[in-house]
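What follows is a short report on a single structure.
The values are calculated or read from the model by the stated rules, or taken from the named source; none is laboratory data. Worth saying up front: this structure is predicted, and the values here are computed from it rather than measured. Positions of Cβ are generated from backbone atoms using ideal geometry, with glycine treated the same way; all protein chains shown enter the neighbour counts.
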Amino acid sequence: MTDLPPAAYRQSFVQHEGAEYWLEKVGTGRQLVVKASDSSAYAGLDGAADGDTFRADATDANALELRNRLPWLKPQLFGLATSAGTGDRLGICTPGHVRAFKAAGQGIRPVFAQQSIREMGRCHREPRNVLDDATWGAFQEGWTAGVGADADHLHTTEDIDRCAQAGFVFYTLDPNEYVDPEAEGADEATIRSKAEALDWASLDSSQKQFLSTYVGHRIDLEHESITLDEQSVLRAMAKYGPSLANAMDLYRHLQSLGIPHEVEFAVDETDYPTKPAEHVVVVSELKRLGMEFVSFAPRFVGGFEKGVEYIGDLAELKRDFEIHAEIAKALGPYKLSLHSGSDKYSTYPLFAEATGGLAHLKTAGTSWAEALRVIARHDGDLMREITALALESFEQNRKSYHLSCDPARVPSNPTDAQLTTLLDVVDSRQVLHVGYGAILEAYGPRMFEVWQNNDEELYGIIEEHFVKHLAPFAH
Ligand SMILES: [Zn+2]
């Protein structure tokens, strides 16, 4: 093995097909170094050779080429394997995620590249940036056990195209705009008229056919059975019917692209919990229509808010996990997916046990919140400005998020002592959690400088935080 220079990220060193690859820190950037006697080892990379050593900047184009050379960096399908998506709004946290998977993620397949289209918009990122940043991060920290890539919460065929072009392989279809929340509490007559008004042809069915399939239908689960009655199946269809047609449109579009893909069907961002009968009807209808998916994200009971512990009755949640997991085994099997999964430490052991590992855990913004700790420690004045802006822009930032924080309880000009607890107190953590768009827009360059100067500390914080998320799922 080559003696690595001090600037090298030692973990990145890897040998593949007769060449040596590693990453070096160069000024404020990074360079890929390839050492090989044969120049074909770096053909296609954009850089310069000096003797047997070739150097290439950590650009998007070189990330793509690196994925082509080192197959473990190319996103792959995980099927039913236990998996977890880390999400990274900043594109600099993957090395910390890798350390957590190495330390506590045995048996869990990682999805480092994962961001919803909504978040990408607020962060001014494109799908390719998300993938490329995750590639460099995984390479830097020496992750060679395979990666996924989740195009999260897709709503349109254009979203799918953008992610497909970038190289994503895991597609989370989210038709929640087509879920009808009024059906939740509507009376029987309203439910009937909503069901009658459905565009049954788009579902390749009729109400009569639907009723004869489901009314009285019994599903035998491991510990009990569910018998469907007319009321609940009609309500399920009134609530989810249009979303199924929309999801199938997205799915057929994805299939038509002819790329490797796997699918998650997600209704976790709807207003009301997904009832067991609704789970059965929705999944059975999607299967009848030809959708194949590896995971399903229902809306579970209780409060899954951004960046804070679970809000609700844990015994009730345990029961909810169990029944949905049993349905997923009986109708699939497919994985149950837990979204807004960050910081809900009390729920992971319950979820891991109920699913028996047939599970996907999805966290999105928690790395961002944790990264703010580094700012608070090293640049108090910047953190005060950030906090003030997060408060000022809160009404705009909070849109489309489930939150219970009271911004009035957040200090707009925190003292040094308050700075140390901003990320631990629910009110300030949530206000900062959803403020990323406005904050990065105003202070991005200053913040990235702090993170760059304290990268090891950042990775350590992220690792420690994610170890707590992953450990209950390791096997
Ligand atoms: Zn979600």
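For the stretch 274-306, a residue qualifies if it is within 14 Å of the ligand (Cβ to nearest atom) and either more than 24 Å from Y401 (Cβ to Cβ) or at pLDDT 95 or above (or both), and the qualifying residues are T274, S295, F296, A297, P298, R299, F300. In the set (1) more than 16 Å from the ligand (Cβ to nearest atom); (2) closer than 19 Å to D150 by Cα; (3) crowded, with 21+ Cβ neighbours inside 10 Å, the condition left unmet by R235 is number (2). Report yes if some residue within the stretch 184-194 is within 26 Å of A149 (Cβ to Cβ), part of a loop (DSSP other than H, G, I, E, B) and more than 16 Å from the ligand (Cβ to nearest atom); otherwise report no. No, there is no match, as no residue in the stretch 184-194 is within 26 Å of A149 (Cβ to Cβ), part of a loop (DSSP other than H, G, I, E, B) and more than 16 Å from the ligand (Cβ to nearest atom).
Where strands (runs of 3 or more DSSP E) fall entirely within the stretch 1-59, those with at least 2 residues that are within 30 Å of the chain's Cα centre (by Cα) and crowded, with 17+ Cβ neighbours inside 10 Å are at 8-16, 19-26, 29-35.
Look at the stretch 257-271: where a residue is within 16 Å of the ligand (Cβ to nearest atom) and a partner is in a loop (DSSP other than H, G, I, E, B) and among the aromatic types (F, W, Y), sitting 6+ places away or on another chain with Cβ atoms under 8 Å, you get V263/F293; E264/F293; F265/F293; D268/F300; D268/F304. Taken over the stretch 410-431, the criterion of being assigned to a helix (DSSP H, G or I) and acidic (D, E) is satisfied by D416, D427.
Checking each residue in the stretch 325-361 for being within 16 Å of the ligand (Cβ to nearest atom) and at pLDDT 95 or above picks out K335, L336, S337, L338, T347, F351, A359, H360, L361.
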